[in-house]
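> Encoded as structure tokens, here's the structure I'll be asking about.
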Amino acid sequence: MFKELLFIFLSVLLLAACNTSTKKSSENTADQDTVQVRDADDRQYLVKVGDMAPDFEMTLPEGGKVKLSDLRGKVVMLQFTASWCGVCRKEMPFIEKDIWLKHKDNPQFALYGIDREEPAEKIQVLRDATGVTYPIGMDPDAGIFGLYAEKEAGITRNIIIDRDGKIVMLTRLFEEEEFNEMVSVIDNLLTH
């Protein structure tokens with residue numbers, strides 16, 4: 001019983017650590033002409049499965065730029081992350097092991113972490129702490145994040161995009177069942 005309570009307590013702490021929603025954003029919602037009622041499962045995405053993924057260009061800490069539309073024709077995984085996010089740090093080694101190492105040599109696949117509002121030095125600290133080798137780009141003002149989710153929404157988030165540029169899966173937080181489903185979705189997209 002103690003272990004179960006400890007697990008629940010730690011889970012709540014991790015969720016709180018990766019949710020940057022503020023009182024201000026809820027006040028803004030209340031001030032609007034129409035109040036938006038949110039479902040309990042609302043993940044604060046601005047996009048949905050079936051939408052074309054909003055295009056963006058980001059800079060990599062090592063230099064160089066990546067433009068999403070230039071990756072058309074590939075299966076793309078975007079992972080929004082930050083060094084301060086405990087759930088991100090927990091998930092990233094699984095992304096490395098179960099997705100990146102399996103598909104990194106496949107020219108039909110691209111994976112980019114997108115670090116929210118941190119300088120290049122913090123990204124390297126995050127990579128060192130998690131042991132990941134996949135590329136992580138910079139989103140210094142959360143402008144890229146804001147194309148996909150409410151700017152004050154929490155992370156970790158993964159977006160899977162098909163070869164045509166359409167979103168096929170959106171995840172939030174790190175849940176084993178959903179993560180395994182995401183791995184299967186990527187595997188299936190790459191075999192068809």
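> Answer rounded, prolate or oblate for the stretch 44-191, using the Cα gyration tensor with square roots of eigenvalues a ≥ b ≥ c: rounded when a/c is under 1.5, else prolate when a/b is larger than b/c, else oblate.
It is rounded, given that a/c, with a ≥ b ≥ c, falls under 1.5.
> So how long is each side of the stretch 74-131 along the principal axes, counting just the alpha-carbon atoms, biggest first, in Å?
Dimensions of the stretch 74-131 along the principal axes of its Cα atoms: 30, 18, 16 Å.
> Given labels modelled 7 Å from the Cα in the Cβ direction, how far is it in nm from Arg163 to Glu57?
Result for the modelled spin labels: 2.7 nm.
> Round to a whole angstrom and tell me the spacing of the C-alpha centers of the stretch 122-149 and the stretch 62-118.
8
> Please compute the length gained on full extension between Asp105 and Ser69, using 0.36 nm multiplied by the number of residues separating them and subtracting their Cα-Cα distance. Mind showing how you got there, number by number?
Values: separation 36, 0.36 × 36 = 12.96 nm, distance 2.03 nm.
The span from Asp105 to Ser69 would gain 10.9 nm if fully extended.
> Taking 0.36 nm per intervening residue step and subtracting the Cα-Cα distance, what contour gain separates Asn188 from Lys48 on full extension? Please list the in-between numbers first.
Numbers: separation 140, 0.36 × 140 = 50.40 nm, distance 1.99 nm.
In short, 48.4 nm is gained.
> Once you list every other residue whose beta carbon is under 14 Å from the beta carbon of Gly50, what net charge do they have if Lys and Arg are +1 and Asp and Glu are -1?
Numbers: positive: Lys48, Lys166; negative: Asp51, Asp162, Asp164.
Summing Lys/Arg as +1 and Asp/Glu as -1 gives -1.
> A further question on this structure: Would you tally the net charge around Ala129, using a Cβ to Cβ cut-off of less than 15 Å, leaving Ala129 out, and scoring K and R as +1, D and E as -1?
Details: positive: Arg89, Lys90, Lys122, Arg127; negative: Glu91, Glu96, Asp115, Glu118, Glu121, Asp128.
For residues surrounding Ala129, the net value is -2.
Bear in mind these aren't lab numbers, they're just calculated from the coordinates by the rules spelled out. It should be emphasised that the depicted structure is a prediction, and the values quoted were computed from it without experimental measurement. Neighbour counts are summed over all protein chains in view; Cβ atoms, including those assigned to glycine, are modelled from backbone coordinates with ideal geometry.
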